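The numbers here are math on the coordinates, done by the rules we state, and not lab data. Quick caveat, the model's predicted, so the values are computed rather than measured. Backbone-built Cβ (ideal geometry, glycine too); neighbour counts: all protein chains shown.
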Amino acid sequence: MNKKSIIAVVFGAVAFSSCSDVKRTPGKIYMPDMAYSRAVETYNDNRELQAEGINYNAEPVAGTVARGEEVIYRMLKDTTGTYVTSAALTNPMTTKLTEEEYTETERLYLINCGICHGTKLDGNGPLYNDGKGPYPLAPKNLVSDEIKKMADGTIFHSITYGKNLMGSYASHLTPKQRWMMVQYIRMKQNGETPGAAATDSTAAAAPAGTATAMK
Amino acid sequence: MIHYRSILQRVALILSVLTVLCFDQGVFAQDGKALFQQNCASCHAVHKNLTGPALAGIEERVPDKKLLYDWIRNNQAVLATGNKYFTDLYAAWNKTAMNLFPNLTDEEIGAMITYINSVPAPGAATGTGEAGVQAAAAENDNSLIFGVLTLILAIIVLVLLQVNSNLKRLSDEKEGIPSYEPVPFYRNKAYIALFAVVLFIVGGYYTIQGAVGLGRSKDYQPEQPIYYSHKVHAGTNQINCLYCHSGAQEGKHANIPSLNTCMNCHMAINEYAGEKLYREDGTEVDGTAEIKKLYSYTGWDPDQKKYVNEPKPIEWVKIHNLPDHVYFNHAQHVKAGKVACQTCHGDIQNMGEVYQYSDLSMGWCINCHRETKVQFEDNKFYSIYEKFHNDLKSGKMDSVTVESIGGTECQKCHY
């Protein structure tokens, strides 16, 4: 008879001990030198390096250009001036997006822009959702007349530096991707798709040969 | 008769025109919201200062109706007249120019102001969260009650067993059956043998589990400096994983977003009004306070709408860690392999606090490499595997696993 009692106690103890709480520590590790790299890795704290006198700069050296960067954009953000003058920039991508580029740009749009400006570019993304979402302001309707009239360069400038409460997307999209995005918005405004050769409409797509932002 | 009919027709016509007019007016007033969203909402909210000031109580602040309407249509012209209130306002908002709306009619502006006045101030909507609290509390209570009940029942069983054996001995004595000195249970060979076996099984199980688990941190769920809920961001608000972790498609690391990425939305979203959040220990999270913590790191002042302090990095606690001798590349899996984030990171869009879903052991890696079929079609990354492409076409093989393109070779990951 007592056998049962012991089994019951053991099971009780196991059951009780297995009701563990949230795991707030990573647990035991053998050879921590291997598990946690001694070499400098991404997201290592660099303040110690600075203290040790090792030169470490989180930002690129001024004036350097990233490899593969095709378009250099020199216009800096300021409150009034460059926003206006950015209208003079012309899109270095003078042709319509190819099917492949279109798919890629659409993917980037849905990741980065669609959350506010909506999948249909109507300014009603999930974050706004007719005012029911958490975002308190209505994002711009990108297929509205206002944006249709806006110069390519100004759209590019707005993506690069943000406008009003929109943030900068320079860290998310390369300059080339940003110009592709401008083309994508234009194609959406005109209802064009890469498959069907679109008739040249009133879009502000600059004719080839004009001076571009490329330097 | 004919005469009457024509009069009747006329009267009916006039009446219908009148009704249409009245009806039109009615629709118009309700359209204030649509007009507001179309024209004003990208800079103004009713109860919140955003790109422009909050518009609640605008009629009290500018009692002169004509001046207000002029300002809404062409603010530059009003500024040119040197009106003191608006000049001060313009200066207070860092001279952010307001758009011109010359085409708005008096009725349209009136309808928008009617709408603005009709929007209730936030803070009245409470009560929905109560049920959730009780449900959560009840759930906790249940498990505790069951535990206590099990314990009490176990004690009762023990006591009853003791009572039973004592009674048996007493009755044996009464009936004259000779009772031998009872062997205490800790010296009973059967018990000792049983205990040894149980100890061996249980102890062995835990020893082996512990040894296997050494260096694995499955379910690791550290407390982060800010309660950042993936459930709110990726779940409720449907933000794409790659919006913040854009590095996952570009390189080895799925980067932790830098603060400017947070501020893309949180410049405007400075309070949390969604459903209630709870930490793992059951305490409630004040979402607005957590957003304030973000501001303390970025140095953003939500009242002045600009960065006033030096930013400092948020020291997030790293959860997923691979040893130094393993090479893992996110881009290879996300971009070339087209593996969904959830395959390795679990149901991330429903996690309040993130925990490590997979054990990240080598067996786990290899198993997936053996089972996963590579998406060969429409994937330029694998275009060089001509033989496999031909075999697939000719039907010699129906799919290509990661293993068959060398995904289990040692030096793929250890080099």
- [ ] Quick one: which residues, 5 or more positions from B:Leu277 or on another chain, have an amide H under 5 Å from its amide H? H modelled 1.01 Å from N in the peptide plane, none for Pro or chain starts.
- [x] B:Val285
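Counting other Cβ atoms within 10 Å, which chymotrypsin sites (Phe, Trp or Tyr not before Pro) in the stretch B:171-212 have at most 13 and lie in a DSSP loop? Show your work: numbers first, answer last.
Numbers: sites: B:Tyr180, B:Phe185, B:Tyr186, B:Tyr191, B:Phe195, B:Phe200, B:Tyr205, B:Tyr206; in loops: B:Tyr180.
Qualifying residues, ordered by number: B:Tyr180.
What is the average number of partner chain Cβ atoms found within 10 Å of a Cβ in A:127-140? Could the numbers behind the result be given before it?
Numbers: counts 6, 3, 2, 2, 7, 0, 5, 12, 6, 13, 13, 10, 3, 1.
Averaged over the peptide's residues, the number is 6.
Within the stretch B:71-125, report the trypsin sites (Lys or Arg not before Pro) that DSSP leaves as loop and that have at most 14 other Cβ atoms within 10 Å. Intermediate values should be presented prior to the final figure.
Working: sites: B:Arg73, B:Lys84, B:Lys95; in loops: B:Lys95.
Here the sparse-neighbourhood loop sites are B:Lys95.
For chain B, which span is the longest to avoid every loop-located (per DSSP) member of GluC sites (Glu not before Pro) having at most 13 other Cβ atoms inside 10 Å?
Details: sites that count: B:Glu223, B:Glu275, B:Glu315, B:Glu377, B:Glu409.
So the longest stretch without any such site is B:1-222.
As an exercise, identify the trypsin sites (Lys or Arg not before Pro) in the stretch A:87-142 lying in DSSP coil whose Cβ has no more than 10 other Cβ atoms within 10 Å. Walk me through the intermediate numbers first.
On the way: sites: A:Lys96, A:Arg107, A:Lys120, A:Lys132, A:Lys140; in loops: A:Lys96, A:Lys120, A:Lys132, A:Lys140.
Qualifying residues, ordered by number: A:Lys132.
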Task: Which of B:Phe101, B:Phe146, A:Phe156 has the fewest Cβ neighbours within 10 Å, and the rest in rising order - done: B:Phe146, B:Phe101, A:Phe156
Open item on the list: Rounded to two decimals, what is the ratio between the C-alpha radius of gyration of the stretch B:223-360 and 2.2 N^0.38 Å?
Closed with: 1.12
Task: Per-residue average of Cβ from other chains inside 10 Å of B:207-219 - done: 3
Open item on the list: I'd like to verify something in chain B: which complete DSSP H helices, judged by Cα projection on the helix axis, reach 24 Å or more and average at least -1.0 on the Kyte-Doolittle scale?
Closed with: B:2-30, B:128-175, B:189-213
Task: Long pairs among B:Lys218/B:Lys335; A:Lys176/B:Lys380; A:Lys132/A:Lys163; A:Lys188/B:Lys305, criterion Cα-Cα beyond 27 Å - done: A:Lys188/B:Lys305
